[in-house]
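Visitor: Structure in structure tokens, see below.
The values are calculated or read from the model by the stated rules, or taken from the named source; none is laboratory data. Bear in mind that the values here come from a model prediction, so they are computed numbers and not experimental data. Here Cβ is always computed from backbone atoms with ideal geometry, including for glycine, and neighbour counts include all displayed protein chains.
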Amino acid sequence: MDAVALTVAIGASSAAALGWSGNAFYFLRFVVQWWQSERAQRSVAPKMFWWLSLAGAATLGSYALIQGDMPLAVGYVVTFCIYLRNITIAHLGPRAGRLAPGPALAVALTVAGAVVYFGAVPGAEEPLPPVWLAIGFAGQVVFSSRFIVQWFHSERSGEAHFPPAFWWMGLVGNVALLAYAVRGGDPVFIASFALGPFVQARNLMLVRRARRDARGSGSRD
């Protein structure tokens with residue numbers, strides 16, 4: 001193997017390590033959130049969820065940039081900023097103060113655009129057909145927007161938590177991104193979105209159970 005081929009192989013291995021590390025962080029965040037929710041018998045947002053999400057967004061976002069996958073890269077950059085804010089709210093509560101989501105989101109999108117534009121790697125894989133790029137972007141918009149909705153609710157309440165819309169938007173966006181990943185044939189991204197629908201469906205079941213229990217408790221009072 002010549003020096004060029006060896007360099008390419010090492011680069012590919014390093015990129016794959018980033019991608020699989022990101023999947024590990026995202027998988028662990030689901031395990032932590034799921035376990036805590038099962039214990040509480042309602043959908044909860046533990047602090048560790050946000051730290052693992054932050055690490056996953058950083059590593060998978062880097063992998064998406066290396067692979068030249070713009071629909072996914074934009075989403076990871078935006079959600080990275082939202083995870084940072086949720087960490088602040090989770091640890092400081094009301095002392096974190098309120099952050100105007102509109103201007104903050106505009107800054108996050110600007111940063112995302114700059115990172116994607118300047119971070120695109122020449123020689124990355126050829127883009128998918130336009131229809132699949134549209135599915136990827138649409139799925140990413142819905143999937144990432146769930147955290148924008150969550151962010152609005154958390155800013156209003158001063159507590160990091162998941163509204164029911166978060167899980168519905170996650171389910172729809174996740175299915176679209178899973179289809180996009182399968183079409184692209186990237187095992188890292190396929191693994192990243194494969195388990196999501198099960199977690200989202202389970203949390204929706206817990207939300208429904210909590211509402212039913214609340215109605216039952218109210219009728220007994």
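Visitor: Which residue is nearest to the chain's Cα centre (by Cα), if the candidates are limited to the stretch 179-210 and must be part of a helix (DSSP H, G or I) and either polar (S, T, N, Q) or at positive phi (or both)?
Guide: Ser192
Visitor: For the stretch 148-178, name all the residues that are in contact with a Gly (Cβ under 9 Å, 6 or more places away or on another chain) and in a helix (DSSP H, G or I).
Guide: Gly170, Leu171, Val172, Gly173, Asn174, Val175, Ala176, Leu177, Leu178, listed by residue number.
Visitor: Let me ask you something else. Residues of the stretch 15-44 being farther than 20 Å from Ala181 by Cα and either within 14 Å of the chain's Cα centre (by Cα) or assigned to a helix (DSSP H, G or I) (or both), which ones? Write out each step before concluding.
Guide: Quick first cut of the stretch 15-44, residues farther than 20 Å from Ala181 by Cα only: 28-29, 31-44.
Residues satisfying the conditions are Leu28, Arg29, Val31, Val32, Gln33, Trp34, Trp35, Gln36, Ser37, Glu38, Arg39, Ala40.
Visitor: So how many residues does the stretch 85-102 have that are surrounded by 15 or more Cβ atoms within 10 Å (Cβ to Cβ) and modelled with pLDDT of 80 or more?
Guide: Result for the stretch 85-102: 6.
Visitor: Right, another one. Based on what the data block shows, is Gly158 of a type outside the set (Phe, Trp, Tyr) and more than 19 Å from Phe49 (Cβ to Cβ)?
Guide: no
Visitor: Any chance the stretch 155-164 includes a residue that's at pLDDT 90 or above and either surrounded by 20 or more Cβ atoms within 10 Å (Cβ to Cβ) or on the phi > 0 side of the Ramachandran plot (or both)?
Guide: Checked against the condition, which is being at pLDDT 90 or above and either surrounded by 20 or more Cβ atoms within 10 Å (Cβ to Cβ) or on the phi > 0 side of the Ramachandran plot (or both), the stretch 155-164 yields no hits at all.
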